[in-house]
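Just so it is clear, none of the values below were taken in a lab; they were calculated from the coordinates. Since the model is a prediction, treat every value here as computed from it, not as a measurement.
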Amino acid sequence: MRSMPVFVLCVLAAAMLSSVCCNHSTGPDDCCFKHYPIKLSQRLIQSYYLTDSRCPIMGVILVTKKNHHICANPTFPWVERIMKSLDESTL
């Protein structure tokens, strides 16, 4: 009869432990789920970084001078120009 409360306690402890372990996963920090559709001016952008390869869609995150993060498609010509310009300015 005493085994039932011990069993229930073990099940509850396992459930609590699994929820704590799962919250600290090592997934990507930033992913794009939708690309910004409108062309942005290059003078608004201060930096960029590519999304992780584990994200659902490929993207580049453009960081504006007001520290807004905007997801864009890295194959768009205007995004390629911004990335190239920023790369050249840091050399």
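Things to note:
- Long-range HN-HN contacts of residue 36 with modeled amide H, under 5 Å: 71, 72, 73
- Just so you know, the Cα atoms of segment 27-89 work out to an Rg and Dmax of 11.0, 32 Å.
- Taking amide hydrogens as placed 1.01 Å from N in the peptide plane, the amide H of residue 30 sits under 5 Å from those of 52, each at least 5 positions away in sequence or on another chain.
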